[in-house]
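K.L.:
The following block contains the structure, expressed as structure tokens.
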Amino acid sequence: MTVTAKIEHFQALTADPVAVHAIIERDGAVILEGLLSTEVVARVNDEVGAVLDDADPDAELFNPIMKAFHGPCTKQVTGACAISPTFATEVMCHPLLLALCDRILLPSCARYQLNLGHLLQRGPGADEQLLHRDEAVWSDVPKPAPELQMATVIAFVDFTRENGGTRIVPGSHRWPDRSLSPAEQFAQPPPRAEQIAYAEMSAGSAVVYTGGTIHAGGSNTTEIPRRGAHLSYCLGWLRTEENNYLAVPPAIAAKLPRKAQELLGYAVHDSIPRGGGYLGMVHMQDPVELLGRDEL
Ligand SMILES: O=C(O)CCC(=O)C(=O)O
Ligand SMILES: [Fe+2]
């Protein structure tokens, strides 16, 4: 078994966001151990368990390519913030994740937002997912571009190489092929086995990576479903992968703290103080204010 690529680990409780950011810039990825307490992991698992039990890994998706992308035996539950208040608050609004977003995304927007919050349960029999860069969804943005996204896969069971722990190609965010179109990138020779690291980490830990870091879910050769969450943030002026206003409609969002509402896209993206314009108003008002006054 050849594995030489490595992902640097930090203890989330004591990690300095500046030091973590420096490693993300250098390697394209880090593991934050113990990002969520055992109690938060248990609460999220409790809140999402029934929905995941009912999810059909063979459900038709809007584009069959998406099924090929995730591969068989994988349950995908979208809109995690609508299902789990704990996910919306203690996971999406985690101070360390937001401190990293402040450094990676805030230089290029007035506010960043949730791109998507999904649960991805790679069941026994799941194959290796296709290696990819998450930023391919914004392939129309001309390159070079600022960092568009910060992504995480968070473990809600222990992740191992055998049960489908996320595969990461450290350093691939700096490869020249990042500036090619996704089709051209997929035509490149695939990363070699020794360039691929495995996000082996305990439940509650997370691998954090940039939109330009090549990665994919792994194959699950065990009997234990690999339950993870794919949580990603993007610049506030981009169209998000998941339509978060519909996935977490006002009636549900109204019960969440204001920070969560802002991240879900309810707040105006106001670049007027930065010499630009604004995005996302309704009735010429800031929707997050209307939500707070029960006027949405
Ligand atoms: O499940 C994983 O480990 C990775 C998922 C992923 O990369 C994706 O859905 O874009
Ligand atoms: Fe991905």
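Nothing in this text is a laboratory measurement; each read-out follows from the coordinates by a stated rule. This is a predicted model, so every value here is computed, not measured. Glycine also receives a Cβ, built like all others from the backbone with ideal geometry; neighbour counts cover every protein chain displayed.
K.L.:
Among all stretches of the chain without exposed trypsin sites (Lys or Arg not before Pro) (DSSP loop, at most 14 other Cβ atoms within 10 Å), which one is longest? Intermediate results must be reported in sequence, preceding the final value.
P.N.:
Numbers: sites that count: K6, R192, R239, K255, R293.
The segment 7-191 is the longest one with no such site.
K.L.:
Continuing with this model, one more query. How would E242, E184 line up from fewest to most surrounding beta-carbon atoms within 10 angstrom?
P.N.:
E184, E242
K.L.:
For the Cα atoms of the chain, what angle does the longest principal axis make with the long axis of helix 95-104, in degrees from 0 to 90, nearest 10?
P.N.:
Once rounded, the angle reads 90 degrees.
K.L.:
Now for a separate question. Between L13 and F62, with labels modelled 7 Å along Cα→Cβ, what's the label distance in nm to one decimal, could you check?
P.N.:
Placing both labels 7 Å beyond Cα along the Cβ direction yields 4.2 nm.
K.L.:
Further question on the same structure: So, R0 is 25 Å and r is the distance between the beta-carbons of T221 and L130; what FRET efficiency does that work out to, to 0.05?
P.N.:
Values: r = 18 Å, r/R0 = 0.72.
The formula returns an efficiency of 0.90 here.
K.L.:
With 10 angstrom as the radius, rank T78, T38 by how many other C-beta atoms surround their C-beta, starting from the fewest.
P.N.:
Numbers: T78 18, T38 11.
In order of increasing Cβ crowding within 10 Å: T38, T78.
K.L.:
Roughly what % antiparallel, to the nearest 5, for the DSSP beta bridges in the stretch 9-243?
P.N.:
Details: 37 of 40 bridges.
So the antiparallel bridges in the stretch 9-243 amount to around 90 percent.
K.L.:
Can you tell me the dipole magnitude for the chain around its Cα centre, using point charges on the Cβ only (Lys, Arg +1; Asp, Glu -1), in Debye to the nearest 20? Walk me through the numbers on the way to the answer.
P.N.:
On the way: 23 positive and 36 negative charges, 115 e Å.
Approximately 560 debye in magnitude.
K.L.:
Evaluate the distance, in nm, between pseudo-label points positioned 7 Å from the Cα of R239 and of E289 along their respective Cα→Cβ axes.
P.N.:
Label at R239, label at E289, 2.9 nm between them.
K.L.:
First check a/c for the stretch 1-89, with a ≥ b ≥ c the square roots of the eigenvalues of its C-alpha gyration tensor; if it is under 1.5, answer rounded, and if not, answer prolate when a/b is larger than b/c or oblate otherwise.
P.N.:
Working: a/c = 2.39, a/b = 1.38, b/c = 1.73.
Verdict is oblate for the stretch 1-89.
K.L.:
Distance from the Cα centre of the stretch 131-204 to that of the stretch 40-114, in angstrom?
P.N.:
17
K.L.:
Using the basic label-point model (7 angstrom from Cα toward the beta carbon), what is the E25 to I252 distance in nanometres?
P.N.:
Result for the modelled spin labels: 3.7 nm.
K.L.:
Across the stretch 124-135, in residue order, what do the Karplus-derived ³J(HN,Hα) couplings come to in whole Hz, using 6.51 cos²θ - 1.76 cosθ + 1.60 with θ = phi - 60° and x for Gly and Pro?
P.N.:
x, x, 5, 8, 5, 6, 5, 5, 7, 10, 4, 5
K.L.:
Sorting V169, V137 on the 10 Å Cβ count, fewest up front, what's the list? Mind dumping the intermediate values first?
P.N.:
Values: V169 24, V137 21.
With the fewest neighbours first, V169, V137 line up as V137, V169.
K.L.:
Which shape class, rounded, prolate or oblate, goes with the stretch 9-243 when its Cα gyration tensor gives a ≥ b ≥ c as root eigenvalues, a/c under 1.5 marks rounded, and past that a/b bigger than b/c marks prolate?
P.N.:
On the way: a/c = 1.33, a/b = 1.11, b/c = 1.20.
Because its axes are fairly even, with a/c under 1.5, the stretch 9-243 counts as rounded.
K.L.:
Over the stretch 131-193, how many percent of alpha carbon pairs lie in each 10 Å bin up to the one with the longest distance?
P.N.:
Here the calculated profile for the stretch 131-193 is 16, 47, 28, 9.
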